[in-house]
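Read through the structure below, which is laid out as structure tokens, and then see the notes.
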DNA sequence: TTAAGTGCAAATTCTTTGCAGATTA
DNA sequence: TAATCTGCAAAGAATTTGCACTTAA
């Protein structure tokens, strides 16, 4: 598990080495991002930081784009119409998403077998995997219980 | 492997039972979709059908939405700014996507281990998987060769 | 006949960009 | 000081919707 304060320092240090400046507003967005436990979209990140520091939506977009470019953030797509972000799996350990098509609830799920799939992809096709996204769509336990397990 | 003519008939029959009509323009979009081997986006599907039948872009959007709703099409996201569609994996057999972050080339890749991951997800969390998306981002063989395998 | 399907243009929604002023190194 | 950063408003791009007309059942 990554440490958030460490991650934040690493991001700012990496940015600094690339000629990006250590701005207080951008830092507030980085803070909101590394502190979040869920998969926030731009609007949600904005609603966190705008009260704190009078930050504009555009700054959130620009900061998230940088975080993706530099490999600290990864875009995830839960088919709800928003681009969402999470801390790059390579930093925190790979995980998959179980997405309930009834209630929209997201469960994170770890399974080491993905590593084997990536290894086979490399062996069979010469493709060199860097990171992945696995989203499994289905019906969560609670919704199945509500429906009397019809979804079985 | 599904048969395309059979699939098309199945779609139209399912639509008919739901009170949707058998319209020639919608059929042209369905045709273009079931005949395609790649992951077409709306604009690409439109460019196929507009010459044939004077169909509007809006009809393509509406048809693809129906195909997704009824489970015949699945949206895929290759992070190129477009929503792309493929025939639902449940109908043709599951496959994964290897996406080259240099040249954008997509390779389809089959690996049965995903079934085991889905099974473990069900056992561990009570989640009932219906379908999944696995996208592995990395560098394809050709790009690696061009780069002298730096990406290793 | 009548409910569904369609195209056009307008409206929405998410995201990016131009530019003048603010901030950081 | 000099380059980067920022917010605002405007522009873009993908997608949806309102509405009058067309078509299938």
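No value in this document is a laboratory result; all are computed from the given coordinates. Owing to the predicted nature of the structure, the values given are computational and were not obtained by experimental measurement. Here the Cβ positions follow ideal geometry from the backbone for every residue, glycine too, while neighbour counts run over all protein chains shown.
When shorter helices are ignored and each DSSP H run of at least 4 residues is given -39500 (n - 2.57), the per-residue value for chain B at 222 nm works out to -14500 deg cm²/dmol.
For the pair region B:35-80 and region A:12-78, the centres of their Cα atoms are 34 angstrom apart.
Counting every alpha-carbon pair across region A:43-107, the share separated by more than 20 Å comes to 39%.
The C-alpha atoms of region B:1-90 occupy a region whose extents along the principal axes are 36, 32, 20 Å, arranged from largest to smallest. Projecting label points 7 angstrom from Cα along Cα→Cβ for residue B:94 and residue B:25 puts them 3.9 nm apart.
The Kirkwood hydrodynamic radius of the protein assembly as shown, based on inverse pair distances between different Cα atoms, is 21.5 Å.
The calculated FRET efficiency for residue A:9 paired with residue B:124, based on their beta-carbon distance and R0 = 51 Å, is about 0.90. On a 0 to 90° scale, report how tilted helix A:4-17 is relative to the longest principal axis of chain A, with both axes built from alpha carbons and the result rounded to the nearest 10. Helix A:4-17 sits roughly 50 degrees off the main axis of chain A. Rounded to the nearest 10 degrees, the angle from helix A:113-125 to the longest Cα principal axis of chain A is 90 degrees. Peptide B:109-115 shows a mean partner chain C-beta count of 4 within 10 Å per residue C-beta. Taking the C-alpha atoms only, the angle from helix B:24-35 to the longest principal axis of chain B is near 20 degrees.
Pairs of C-alpha atoms in region B:94-152 farther apart than 16 Å represent 55 percent of all such pairs.
Two numbers describe the Cα atoms of chain B: Rg and Dmax, which are 17.9, 58 Å.
Taken residue by residue and averaged, Cβ atoms of other chains lying within 10 Å of the Cβ of B:138-147 number 3.
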